[in-house]
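Have a look at the structure below, then the notes.
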Amino acid sequence: MTSTIEPATSRAATTAPSGALRRPDGLIRNLDVAGLVDAEGGLLDRAIFTDEQLYRQELRRVFAPSWLFLAHTHQFQKPGDFFTTYMGEDPVIVTMNKDREIKAFLNSCRHRGARVCRADSGRTKNFTCTYHGWAYDLQGGLVSVPNQDGYPESFRREDWGLVEVPHVETYKGLIFGTWNPESVSLRESLGDMAWYMDAMLDHDDEGTEVIGGVHKWVLDGNWKLAAEQFATDWYHVNMSHASALQVMSPTGKKPKDEIVHRTGRQYVDPNGHGAGFPVHPKNRFDAPTVHEHVDYDALRERLGDARVDGPLTNGHATVFPNFSYLPVNGSIRIWHPKGPNQIEVWAWTIVDRSWPDEVKEAQRRYNLRTFGPSGIFEQDDGENWSECQSIAHGFITNGVALNYQMGIDSEREDGRFPGVTSELYSDAAGRAFYARWRTLMNTPAWHEEDPS
Ligand code: FES
Ligand SMILES: [Fe+2]
């Protein structure tokens, strides 16, 4: 049985990434994106998926200030456990220190900039750069410099520690970090989205864990195509996944009307998060072993009927900007941006800690069969994003607007679900996703403030 103690999260003493020189004015130029996103009218300009300058601006103004998913607390059992990942394109080490706090540091040596940790994960006492041997402890402090007597008197090791991510916080096992020293708390940024996330994270007091490692694969396509689909797009399911639905149908025949004409709701978050789910689906697509094990009465008691009949039973979701999950499949994933045209997908299988091993294993296999890198649903989705991206650089093509008008003006408060919701088949959460993106892209981030 693994520990159920959630590691403490940390607020770093430093308030901003340190070590930057004063850059000359004009080195960085920002573009006004108001004309590229008509979130109210449901129109998008394809330049937001292809333009290199906009992409660089996203890294500065969307990724740097946002709460970004880092890892699951289950990956950190003992001091020195670490996991390397990215925040936007910035490499970071996530690690547990001696006080069992989760810390995150820029994975770049302060000497010449090499990564100080090149392993995916493991347990260590310190991080030693393989270029010249500078070594850092679990607090990010520089503890060893070979030939230090060659440096001037003014050189002090304490000035050259790893750059720390100023805020690292968890929500029910999920660890997020932000570079923004002035950020609102993670919980505040999630708002009502937390209620929907609990349909996956809060089945009982023991919480969740991740099993089977991290699957990583590269797709051609802009990261927003994947993130927005998981926020807003049930619409594609019946067409894109028709063959998968047929294979998984209990009768092996083409999907029946009750699948095609499902009804449900789509949560539309003012911070750009989104989730969609059928309500009272007649056909289930969860793993039978899991379904047989789950005590639905206990879940109704804990989470309420609306959540069990809706987001717990099926659905898709994105936490803005690039963390997505599928509650029934047990898939949590991050869409790492790799330039405007490529995504590196990192995906975990999440299960309830309290499940017996055979139930966890059934969920792992089910997740891989459906949404692993070669999963029967996953392949359909990746193919679509790559298809959209592959032609979007054409000069005429790039200037032809895209339609996000489904469900326009359908957003309302539904007595059953918190916040504003729309229909199951709707672009409402997509419009909210791009409205949030537009706001961040047009707002100077903390690092643009004049330090004088
Ligand atoms: S780059 Fe790390 S020690 Fe030189
Ligand atoms: Fe899909």
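Values for this structure:
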read-out: Segment L21-Q53, extension gain: residue separation times 0.36 nm, minus the distance between their alpha carbons; value: 9.3 nm
read-out: Rel. contact order, % - alpha carbon contacts under 8 angstrom, at least six apart, the range 193-441; value: 31 percent
read-out: Loop GluC sites (Glu not before Pro), the range 40-105, which have at most 10 other Cβ atoms in a 10 Å radius of their Cβ (DSSP); value: E40
read-out: Cα-based helix-to-principal-axis angle, 223-232 vs the chain, degrees rounded to 10; value: 40 degrees
read-out: For the range 61-122 and the range 168-203, distance of Cα centres in Å; value: 17 Å
read-out: Restricting the range 102-205 to trypsin sites (Lys or Arg not before Pro) in coil, as DSSP defines it, with at most 12 other Cβ within 10 Å; value: R112, R118, K125, R156
read-out: Using distinct alpha-carbon pairs, which all enter the 1/r mean, Kirkwood radius of the range 68-170 in Å; value: 13.9 Å
read-out: Filter on K103/K338; K125/K172; K98/K125 - keep pairs with C-alpha separation over 19 Å; value: K103/K338; K125/K172
read-out: Spin-label model distance (nm) - Q342 vs N398, 7 Å beyond Cα toward Cβ; value: 1.9 nm
read-out: Rounded if a/c under 1.5, otherwise prolate or oblate - the chain, Cα gyration tensor axes; value: oblate
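Bear in mind that the values in this text are calculations on the coordinates, not laboratory data. These figures come from a predicted structure and were not determined experimentally. Positions of Cβ are backbone-derived with ideal geometry, glycine not excepted, and every protein chain shown enters the neighbour counts.
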